[in-house]
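The structure appears right after this line, and notes come after that.
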Amino acid sequence: MQSFPMRRLEPEELRAVCDPASLRFRSTEELPPLEGMIGQERALSATTFGIGVRHVGYNLFVLGPPATGKTTAMRRLLARAAQDEPGPPDHCYVHNFTDAYRPTAIEVPAGRGRELSDEMARLVEECKVRLPRAFEGEEFGRQKSKILEDLARRQEAELVRLEEKARAAGFALIRTPTGMAVAPAPRGKALSQEEFEALAEPARERIAAAAGQLEAQVETTLRQLRQYEREARQAHETLVSEVAASATRQLIRELRERFAGLDGVQRYLDDVEKDLIAHAEEFRGAGEGKPALPFLPPPGAFLDRYRVNVLVDRTGARGAPVVFEQNPTYGNLVGRIEHRAHFGALVTDFALIRSGALHRANGGYLILEAKDVLRNFQAWEALKKALKSRAVRIEDPLEEFRAATAAGLAPEPIPLAVKVVLIGNPLFYYLLYNLDEDFGELFKVKVDFDDSLARTPETELLYARFIAGACREDGLRPFGADGVARLIEHGSRMVAHQGRLSSRLGTLVDLIRDASFHAGARGHAGVTAEDVSHAIAQKIYRSNLIEERIGRMIAEGTLLIATDGEAVGQVNGISVLATGDHAFGRPARITVRTFSGEPGVVDIEREAKLGGPAHSKGVMILTGFLAGRYARERPLALSASITFEQHYEEIEGDSASSAELYALLSSLAGIPLAQSIAVTGSVNQRGEIQAVGGINEKIEGFFDVCRARGLDGRHGVMIPETNVRHLMLREDVVRAVREGKFNVHAVGSVDEGLEVLSGRPAGARRPDGAFPEGSFNAAVERALAENVERLKALRADSDGAGTSRHRAG
C-alpha cells in the first residue's frame, strides 16, 4: 500500500536566524549613517524619471503601505534634486492704477521683491519731503501768484468792458453773491422798483428790450470768466505737474536704473510716476495726523497704493523650493484675500493678498498628503484647476454658491510651473485613477513603494546603518551586534518571510526607541538582543488583552478545544484575529456531520451569514474535490453540514478549507483524527494544499493553548509546504520543537494531511482503479458507494409505493 511522505520540520526551518558575528561590527557607533533608501529600486527609478521629465502632467503619485518612509524619502530625494536647480523668481502684487479691483502681478528675480518693496517705501518717504518742499518754494509761489494775478486781471478787464457797455445803454451792473445782474440807470443811478413802475408804459418796454440784450452780453461775459478760470486751473495743474515731475524725476530715474531689464517693473514705474504727479498736492497733508471725522481715512491713506505686496520672497534661498503643506485647505493651497474690519465693514486691498503653497512651491516641488487634499472642501478641484491651467488664481471658493455677488478683488493670475508629489495609500490611487478623468493626465508618474525588500547580507548591513542613523538622530543608546541581529529577525517576522525584510521603517524606528528605553531601565549602556526581545514582548503585552481573555476561556473549558485524543468528523482549525496593531491565532473546533438526504454540502457559516465570500468559495471547492476523486463511476451521494463551533464573528478566507475537508472525509469514513494537531491551509479541486496568511500567528496560537495544558511531544500544527519560507516563529516555539515537545508538519496534498491526522495510509488508486484495502480513501469511497445504494433503495421503495397507489386508484 502506497503512503505519502510526511515531513516534520527541523528547528532550523522555523526561523531565519541572523548570526551577530556575520555583521562584522560590535556596535552601531562604528557604522556610518545610511544615505538614501534601503531597497525600493522601483520607487527610486520612478522618482528619478518623474523629476527629470519637465513636460506637463508628469506629476508624481507616491503609493505604498503606511510607515514605509514614503514622505521622508521623497523629501530627501526632492531636496537633493532641488539644490542643483535654478531658483525661481519672486512674485509681487501691486496696485493697478487703471482698475483697483484687479491687482497687477509682477515677477522679479529671487530676492529683488523685497528690494522693490523697500525702494518703493523709500520713494514715498522722499516724496513726502520733496513734494511739499517744492510746493512751498519761492519759484512755485511766484508762478502760482502770476497765474492768479493774470486770472484776476483778465477777469477785471472783462468786467470793466461789460460795465461800460451797460452804462452806455443806460444800465448799471450789480454784483451779487449769486452772480451779476443789470438794473436801469438812465441818470447814472439804478432805479428802484417804485421808480421803474412810475415810468410810462412805452419807456418801460424800451428799457425791458434793452435789458434783454444786455443780459445776453452778461451771459457771454460770465462764460468768458469761467473759461479764464479753466485756463488758470489748467495752468496751475501744468505748473504742479512740472514741479512734481521735477521733484520726482530723479527718484524715478534711479529706480528705473536699479531695476533695468525688468519689463514688469518698468511698466509699473511708468504708472507710479503718472500717479505721483496726478496726486502731488495730496502729499502736503500726508502724515499730518488723524482726520476730522473718525470714519474717514487719514490724510496719508492714499499712499498705501504705492506699497509692494511681496507674495513670495526668496531672499537667501538656494535652489528650487521643496514645500510640504501639511494642511492643504483651499486657501493654504492657492492663497487667499484677507479682510480687515473698518467701522463694521470688511474692507480689503492688494496688500492683503496672501500666498498659498502653490505660490511658495512655484518653480520647484510641492508635497501633499492625498487624504488631506481630498477631505478639504474644494482643495482637490483647485489643485487640478491650477495644474491644468498652469496658473494660480486666487478666488473665493464660495463665490459660485452665493445668490448675490459682492464686489471684490480679482488678482492677476500667476504662471505656475510646479511638480506636485501626492502621497497616499494604494486605495486612493486606484479610486482616483478609475473615477476621476483628469487624474491620469495630471499624475502620470506612479511611484510604488514595496512593503518588503530582499534579505541579503548587503541589505542586512543597510538595515544596521539605518538603525545607527536612527540612534544618532534621536539620541538613543547604540545597538550591539546581537541587538541589530534581533531587529533584523523581527524585520523578517513583520513580513512573514525568511528571505525578506520589512520596509516599514517607521514601525522599526518605534521598536528601536522602545528597546533603547528598556535598555536604559535595565541599566545597559547599549541595546542588546535581550532588550529588543523584551521591547517586543512588552509591546505585545500592551495589546493582547483580548488574546489573553480568549486563552483563559479555552483553559477554563468555556471554549471547547480538544488537544489530545481522537474524534470522528472533528478537526482543530486556526483563525487569525486582529485587534488594531496586534494579531493572534485562535484555535477553533471544526465539526462535520454527514447523513442521508439531498446531495450537497451545507455551510452553516454561510447560511447564518457569518461566512465571507472567500470562505464560501473554499467550502464549494470541497464538492469539486470529492466529485473529481470519488465520483468517476457513480454519482456523488453526499449530504453534510460544516460549522465552526463557538465562533460568532464573521469568518473570511479559505485557509480552513483543508481542515474542513479532513473533517468531512473523517465523518464519511468513520475514521477518527488526532486532536493534538491543528490544521491550516487552503485546498484546490486537485487536492493540493495551498499557502495561507498569518501562518506564524496560527502556529503560536495553538502552541500557547497546548503549552498551557502541558506539551507531551504529540502536539503540533500542520501547515502547507509552500508556507515554510514564511515561518518566523517565536524563540519559545522553536525551542519546544528542538526539545521534541512540539511539531510543525508540512504537507503538500490532502493525502499527506490525512496520514498525519489519522496515522493510516491515505492510499492511491491501483491500476484497477480501486483504492487499497484499509486505506483512508478506500473507506471514504466505500461510504459514498453505500450512500448511493441506500438512495437507490429509497427511490425504488418510493417508486413501488407510488405504483401500488396508482393500481388501487
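The values are calculated or read from the model by the stated rules, or taken from the named source; none is laboratory data. All figures in this text were calculated on a predicted structure; none of them were measured in a lab. In this analysis, Cβ positions are derived from the backbone assuming ideal geometry, glycine residues included, and neighbour counts consider all displayed protein chains. For accessibility, only protein heavy atoms count, side chains too; no ligands or nucleic acids. Shrake-Rupley method; radii C 1.70, N 1.55, O 1.52, S 1.80 Å.
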Problem - Length added when fully stretched, F97-R253, from 0.36 nm per residue minus Cα-Cα - result: 54.2 nm
Problem - Euclidean distance between Cα centres, region 465-493 to region 357-402, Å - result: 41
Handout entry: Hz values of 3J(HN,Hα) by residue in region 574-582 - Karplus curve (6.51, -1.76, 1.60), Gly and Pro given as x
Key = 9, 10, 10, 10, 10, 10, x, 8, 10
Fill in the blank from the handout: For E149, the accessible surface traced by a 1.4 Å probe with all protein chains present amounts, in square angstrom to the nearest 10, to 120
Handout entry: Per-selection Rg to Rh, the chain - Cα, Kirkwood hydrodynamic radius
Key = 1.32
Handout entry: F49/T579 FRET efficiency (R0 30 Å; Cβ-Cβ; nearest 0.05)
Key = 0.15
Practice task
Round to the nearest 0.05 the FRET efficiency obtained for D263 and A708 when R0 = 51 Å and r is the Cβ-Cβ distance.
Solution key: 0.05
Handout entry: Helix 481-495 vs. the chain, principal-axis angle (Cα, 0 to 90°, nearest 10)
Key = 90
Practice task
Can you sort K371, K144, K419 by 1.4 Å-probe accessible area, starting with the largest?
Solution key: K371, K144, K419
Problem - Crossing angle, helix 457-474 versus the chain [Cα axis fit, 0-90 degrees, rounded to tens] - result: 50
Handout entry: Separation of the R735 and R167 label points, Cα + 7 Å toward Cβ, nm
Key = 13.6
Fill in the blank from the handout: The Cα radius of gyration of region 1-86, divided by 2.2 N^0.38 Å with N its residue count, comes to 1.86
Handout entry: Cα→Cβ-extended label distance, 7 Å offset, between Q213 and E139, nm
Key = 5.2
Exercise for the section: Among DSSP beta bridges whose residues both lie in region 316-377, state the antiparallel percentage, nearest 5. Expected result: 55
Exercise for the section: Over the chain, average the accessible area per residue using a 1.4 Å probe and give it in Å², no decimals. Expected result: 50
Problem - DSSP bridge orientation in the chain - percent antiparallel, rounded to nearest 5 - result: 60
Practice task
Give, in nm to one decimal, the length gained when the segment between A121 and T71 is fully stretched (0.36 nm per residue of separation minus the Cα-Cα distance).
Solution key: 13.8 nm
Fill in the blank from the handout: Taking the chain and counting helices only, DSSP H stretches of n ≥ 4 at -39,500 (n - 2.57) each over all residues, the nearest-500 ellipticity at 222 nm comes to -15500 deg cm²/dmol
Handout entry: More than 17 angstrom apart: percent of Cα pairs within region 694-777
Key = 55
Handout entry: Nearest-10 value in Å² for the accessible area of H91, using the 1.4 Å probe
Key = 10
Completion exercise
Nearest 10, in degrees from 0 to 90: the angle of helix 138-168 to the longest Cα principal axis of the chain is 50
Exercise for the section: Give the calculated FRET efficiency between D150 and A301 to the nearest 0.05, with a Förster radius of 30 Å applied to their Cβ-Cβ distance. Expected result: 0.25
Exercise for the section: Roll a 1.4 angstrom probe over the protein heavy atoms and tell me the percent of accessible area of the chain that is carbon or sulfur. Expected result: 51
Problem - Two-site label geometry, R375 and L352: point separation in nm, points 7 Å out along Cα→Cβ - result: 3.1
